[in-house]
Amino acid sequence: MHTNDPVNAQAKRSMITGAAILVVHLGACLAFAPVFFSWSALSVAAVLYYLTGGLGICLGYHRLLTHRSMRLARPLEYLVATLGVLALQGGPIAWVATHRAHHAYSDTPRDPHDSRRGFLWSHMEWLYRNNPARLSREDERRFSADLDADPYYRFLEKSAPWWQVGLAVAFFAIGGWSWVIWGVFVRLVVTWHATWLVNSAAHLSGYRTYRAPGQDQSTNNWIVALLAWGEGWHNNHHAFPSSARHGLRWFEIDFTWLTIVLLAKLGIASDLKVPDRQSLARRAIRPGPTVPKPA
């Protein structure tokens, strides 16, 4: 991907991202000190792991905003996107644009996290090392034109890091340093690596049920699926990007899909997209997969 940003601007972004990743990991190391442990802090981290990773990133940034595989009322959509901001993986415009580019150029030199460059590159190095495929700001706005047209998403994009700072201040006021270390640093590290594994492990190890477009090497990886709320059924997803359900076979547990089904039954989510039996059959690598039962 050719970038329209000056080289030094891209280098500055990479340097800031690398520094942030290092600081958060160092902060998480403080959790090894018993003085900073409390059961309440562990509980806060676990709840935020679900709210920011499961709802914010997997359901919100990914299945809702990137692929529009379902519909939520606009206020609820904004709430879920705000939870995604708290995962500190960038604002919604940049995140969605990067993922759309990944689908457009999967496993080619234009893929922002091309898995052919190895596990570490696709897992995290693409974020802070020299990366010609990383999108420029102009590219991000082009790939996410629908979000860039919305004032609230532009606000989230500009204010994204400060939401984390505000959360840390609130946690310190309520639970002291233990809440900050576990609820911010540890939770961020766990959430980051769980979702990063979708880019790395789920393109390098697992099984393939369906033919995906182009040079795509995505796989279904059950470990990643369990850690990342169903996102590890990545071959299924690349074969059917607009599907709200990624676990397309009975044994492929998809926690995000179960959440979506619950929201649909409560009348909160609508227009759920799932591939029909004919579409599954056309893309199947070998006979056998069947369409999942409707929610």
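Which helices (runs of 4 or more DSSP H) does the range 122-212 wholly contain that include 3 or more residues that are of a type in the set (D, E, K, R) and farther than 19 Å from residue 24 by Cβ?
137-143, 151-180
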Quick one: residue 211 ticks every box in (1) surrounded by fewer than 17 Cβ atoms within 10 Å (Cβ to Cβ); (2) under 18 Å from residue 67 (Cβ atoms); (3) in contact with a Lys or Arg (Cβ under 7 Å, 6 or more places away or on another chain) except a single one, so which number is it?
-> (2)
What number goes with the only condition from (1) over 23 Å from residue 100 (Cβ atoms); (2) crowded, with 20+ Cβ neighbours inside 10 Å that residue 147 does not pass?
-> (1)
Between a first residue in the range 126-139 that is over 15 Å from residue 8 (Cβ atoms) and a second residue that is of a type in the set (Lys, Arg), which pairs have beta carbons less than 6 Å apart while being 6 or more apart in sequence or on different chains?
-> 133/110
Return only the number of the condition from (1) surrounded by fewer than 22 Cβ atoms within 10 Å (Cβ to Cβ); (2) within 12 Å of the chain's Cα centre (by Cα) that residue 130 does not satisfy.
-> (2)
When residues of the range 227-259 are filtered for being among the aliphatic types (A, V, I, L, M) and touching a Gly at 6+ places or on another chain (Cβ under 7 Å), how many remain?
-> 1
List every residue pair whose Cβ atoms lie under 7 Å apart, where the two residues are 6 or more positions apart in sequence or sit on different chains, the first residue falls within the range 98-111 and is surrounded by fewer than 21 Cβ atoms within 10 Å (Cβ to Cβ), and the second residue, located anywhere, is assigned to a loop (DSSP other than H, G, I, E, B) and among the hydrophobic types (A, V, I, L, M, F, W, C).
-> 109/133; 110/1; 110/133
Does the range 262-275 hold any residues that are among the aliphatic types (A, V, I, L, M) and either closer than 19 Å to residue 84 by Cα or touching a Leu at 6+ places or on another chain (Cβ under 8 Å) (or both), and which are they?
-> 263, 264, 268, 269
Those residues of the range 229-286 which are touching a residue at least 60 places away in the same chain (Cβ under 8 Å), out of contact with any Ser or Thr (no Cβ under 8 Å at 6 or more places or on another chain) and not in a loop (DSSP other than H, G, I, E, B), in sequence order | 255, 256, 259, 260, 263, 269, 270, 283
Name, by its number, the condition in (1) under 16 Å from residue 99 (Cβ atoms); (2) touching a strand residue (DSSP E or B) at 6+ places or on another chain (Cβ under 7 Å) that does not hold for residue 254.
-> (1)
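A short reminder: the numbers here are calculations on the coordinates, not readings from a lab. These figures come from a predicted structure and were not determined experimentally. Using ideal geometry, Cβ is built from the backbone for each residue, glycine included, and neighbour counts are taken over all protein chains shown.
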